Amino acid sequence: MDFQAVVFYFLATVVVLASLRVITAKNPVHAALFLVLAFFSAGGIWMLLHAEFLAIALVMVYVGAVMVLFLFVVMMLDINLERIRQGFWSYLPIGALIGILMLAEMVVVLGSRYFGLEHVPQPAEFPAGYSNTKELGRLLYTDYVYPFELASIVLLVAMIAAVALTLRKRKSVKALDPAKQIAVKRDDRVRIVSMDAEKK
Amino acid sequence: MLESYFPVLVFILFAAAFGFIPIVAGWFIGPSKPDAEKLSPFECGFEPFEDARIKFDVRYYLLAILFILFDLEIAFLFPWATILKEIAANESIRLFGFFEMIVFLGILLLGYIYVWKRGALDWE
């Protein structure tokens with residue numbers, strides 16, 4: 001077993017163990033942090049496949065951004081841990097049913113009929129100076145240019161939806177708008193009233 | 001290619017050891033005499049009166065999701081940047097290869113203008 005295989009088996013073990021802890025950890029924050037570990041190790045495995053851009057994008061996007069969002073959501077939900085554990089046994093039958101259904105579907109689709117080893121040719125040796133990022137760029141910006149442009153539309157929709165769903169103007173805020181403060185004229189603040197002098 | 005990432009692996013291993021060894025050493029070497037007062041949560045001298053888990057303001061969530069979206073936008077720029085010289089050298093796809101990214105950025109610029117104008121980036 002060469003060094004790469006050792007690294008692969010180490011990372012694969014970490015991925016499997018961390019994923020197991022994601023679904024067994026009782027504290028949702030711990031589960032989210034184990035998911036970070038799983039993503040990180042999966043990034044290492046992608047690096048072993050010479051997919052350096054994808055590996056770093058996985059760490060940057062998923063670990064750096066998506067998991068921060070997950071942690072925010074987990075904390076925002078204000079989960080009561082005792083209450084979650086109460087319904088475990090009553091939900092077990094339907095949960096198990098859905099789990100078995102999904103497992104069966106995955107076995108049918110991903111079984112050896114379509115995805116077996118004999119359907120996948122042995123990958124060619126990478127030529128000298130091979131760059132996965134460049135190959136990705138060549139394909140993404142020529143053959144797959146429409147999906148690429150569609151991706152920007154999807155991002156735009158997500159942006160507008162997030163703003164529309166969560167943006168609330170609050171009325172009780174005492175913050176001042178500097179632009180309005182600067183634009184104030186003398187007449188807005190002071191009113192000079194002419195009146196007769198009063199006698200003592 | 002993988003050889004150039006070997007220092008990164010060594011670095012990760014050292015960083016992990018640097019974090020783990022003091023904790024494990026403290027676990028084994030340090031004296032452990034717990035009592036009720038030592039184990040109770042300490043909050044600046046008085047009894048803690050609420051759970052440490054509090055609801056986060058939804059605005060943090062909005063900022064985080066906007067960060068993800070622009071993060072993805074930047075991630076798309078990297079493969080394009082690596083082949084930009086090839087695109088420039090090829091006469092037939094030179095303009096196409098340049099303007100496809102401008103269109104991509106332009107669509108997201110619309111979103112950025114919308115977010116800015118709606119005041120989603122203001123904190124108040």
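Below are the figures for this structure:
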read-out	value
Translational diffusion coefficient (Stokes-Einstein; Kirkwood radius from C-alpha pairs) of chain A at 37 °C, 0.692 mPa s, in µm²/s	139 µm²/s
Degrees, to the nearest 10: A:28-48 long Cα axis against longest axis of chain A	50 degrees
Nitroxide proxy distance, nm - points 7 Å out along Cα→Cβ at A:SER19 and A:SER90	3.2 nm
Proxy reagent accessibility, fewest Cβ within 10 Å first, across A:TRP46, B:TRP123	B:TRP123, A:TRP46
Cα pair distances in chain B, grouped into 10 Å bins until the bin that holds the longest one, percent each	9, 17, 17, 23, 19, 10, 5, 1
A:VAL108 paired with B:VAL24, simple spin-label distance in nm, labels 7 Å along Cα-to-beta-carbon	4.7 nm
Cα-based convex hull volume of segment A:116-200 per residue, rounded to whole Å³	301 Å³
Kirkwood-based Rg to Rh ratio, segment B:65-124, C-alpha trace	1.13
Estimated D of segment A:86-125 in µm² per second, where Rh is the Kirkwood radius over Cα pairs and Stokes-Einstein applies at 37 °C, 0.692 mPa s	259 µm²/s
Choice from B:LEU84, B:LEU39, B:LEU105 showing the highest fluctuation, given a GNM over chain B with Cα pairs closer than 10 Å	B:LEU39
Pairwise label distance in nanometres, A:TYR130 with A:ILE153, each label 7 Å out on the Cα-Cβ vector	3.5 nm
Whole-Hz ³J(HN,Hα) from phi, Karplus 6.51 cos²θ - 1.76 cosθ + 1.60, for segment A:159-170, glycine and proline x	4, 5, 5, 4, 5, 5, 7, 10, 7, 10, 7, 9
For segment A:1-79, alpha-carbon Rg relative to the globular expectation (2.2 N^0.38 Å, N residues)	1.20
For segment A:28-132, alpha-carbon Rg over 2.2 N^0.38 Å	1.52
Angle in degrees between helix A:67-77 and the longest Cα principal axis of chain A, rounded to the nearest 10	60 degrees
Exposure proxy ranking, count of Cβ atoms within 10 Å, fewest first, for B:THR82, A:THR24	A:THR24, B:THR82
Sequence of B:TYR112, A:TYR144 once ranked by neighbouring C-beta atoms within 10 Å, starting from the fewest	A:TYR144, B:TYR112
Choice from A:SER112, A:SER41, A:SER172 showing the highest fluctuation, given a GNM over chain A with Cα pairs closer than 10 Å	A:SER172
Per-pair calculated FRET efficiency, R0 = 30 Å: B:TYR114 and A:ALA183 via Cβ, rounded to 0.05	0.80
Backbone HN-Hα couplings from phi across segment B:56-66 [Karplus 6.51/-1.76/1.60, Hz, Gly and Pro as x]	7, 5, 5, 5, 4, 4, 4, 4, 5, 6, 5
Hydrodynamic radius by Kirkwood, which averages 1/r over all alpha carbon pairs of segment A:81-156, in angstrom	17.9 Å
For residues of A:164-170, the mean tally of beta carbons on other chains within 10 Å	5
Difference of contour (0.36 nm per residue) and Cα-Cα distance, B:ILE74 to B:ASN90	3.3 nm
Net charge over other residues, Cβ less than 14 angstrom from the Cβ of B:PHE76 (K, R count +1; D, E count -1)	-4
Extension gain (nm, one decimal) between A:HIS30 and A:VAL173, 0.36 nm per residue minus Cα-Cα	48.0 nm
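Taken together, the values in this text are just the output of simple stated rules run on the coordinates, not laboratory data. Remember, it's a predicted structure, so these values are computed and weren't measured experimentally. Cβ: placed from backbone, ideal geometry, glycine included. Neighbour counts: every protein chain shown.
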